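The values are calculated or read from the model by the stated rules, or taken from the named source; none is laboratory data. Predicted model, so just to flag it, every value in this text is computed and none were measured. Because the Cβ atoms are built from the backbone with ideal geometry, glycine has one as well, and the counts that use them run over all protein chains shown. Only protein heavy atoms, including side chains, enter the accessible area calculation; ligands, DNA and RNA are left aside. Shrake-Rupley method; radii C 1.70, N 1.55, O 1.52, S 1.80 Å.
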Amino acid sequence: LIKISKDNKTDITLAPDGFEKILSQLGDVEQSLPIFDAALKGSKAGFVDLDTTAAALAQTMSILGSERANAQEVLDVFFAAKRVGAGEFADFARYMPNLIAGADNLGIAYKEVAGVYAYMTGKGQSAERAAVLMENMFSVLGRGEVRANLKKIGVDIFDNTGKMRDMVSIFTDFKK
């Protein structure tokens, strides 16, 4: 922790609390260290406290697992979404992990979640409103009767292999 803090030119007194946020979520020291490093970088770059960034990365990594992404990739996606969308980085860090969790249950990739969230905030929705709308959408798309009725009108949520289609394709079907 001391080395990572020094490498990031961060106050060492912040390390224990920030690292504990990550470790308590993941329960694995070796997996938590690179997330801590990314969280320190993210908190400085996003002008947000370490606890917020650490909690967002830890929660997202516990959903995705290290085989699907690493902490730096997740952080990069959060910052890319922030560049396209509107709002503070703290809002993206606060809302995206829960959105990713809801979307993951449907098989929606975390990068797509970030893209939709960025689009919605960029088009004028507040961070909180965009999160509520997306949570509602994921909840509705998770209901079988809704998917069956959508299929009847030409909106396919899943492809022929049973994998969820990308959000752009689904929204294009809605537009038709």
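Couple of notes before you dig in:
- Pairwise label distance in nanometres, Phe158 with Lys123, each label 7 Å out on the Cα-Cβ vector: 2.7
- Shape of region 82-176, Cα gyration tensor, a/c cut at 1.5: prolate
- Three-way shape call for the chain based on the alpha-carbon gyration tensor, with the a/c threshold at 1.5: prolate
- Cleavage-rule hits (GluC sites (Glu not before Pro)) in region 52-94: DSSP loop, at most 14 neighbouring Cβ within 10 angstrom: Glu67, Glu88
- Charging the Cβ of each Asp and Glu at -1 and of each Lys and Arg at +1, and nothing else, the dipole of the chain about its Cα centre rounds to 700 debye.
- Positive-end extreme of charge dipole, region 85-156 - chosen from Leu133, Gly144, Ala109 (charges on Cβ): Gly144
- The amide H of Phe158, built 1.01 Å from its N in the peptide plane, has Arg165 as neighbours under 5 Å, considering only residues 5 or more places off or on other chains.
- Of the accessible area of the chain, computed with a 1.4 Å probe over protein heavy atoms only, carbon and sulfur atoms account for 53 percent.
- Extended-chain gain in nm, criterion 0.36 nm per residue less alpha-carbon gap, Ser24 and Ser169: 48.4 nm
- Rounded to the nearest 500, the 222 nm mean residue ellipticity of the chain from helices alone is -22500 deg cm²/dmol, with -39,500 (n - 2.57) taken per DSSP H run of at least 4 residues.
- Highest-first arrangement of 15-26, 32-43, 134-145, where packing means the average Cβ count within 10 Å: 32-43, 15-26, 134-145
- Solvent-accessible area per residue for the chain (1.4 angstrom probe, square angstrom): 54
- Three-way shape call for region 1-92 based on the alpha-carbon gyration tensor, with the a/c threshold at 1.5: oblate
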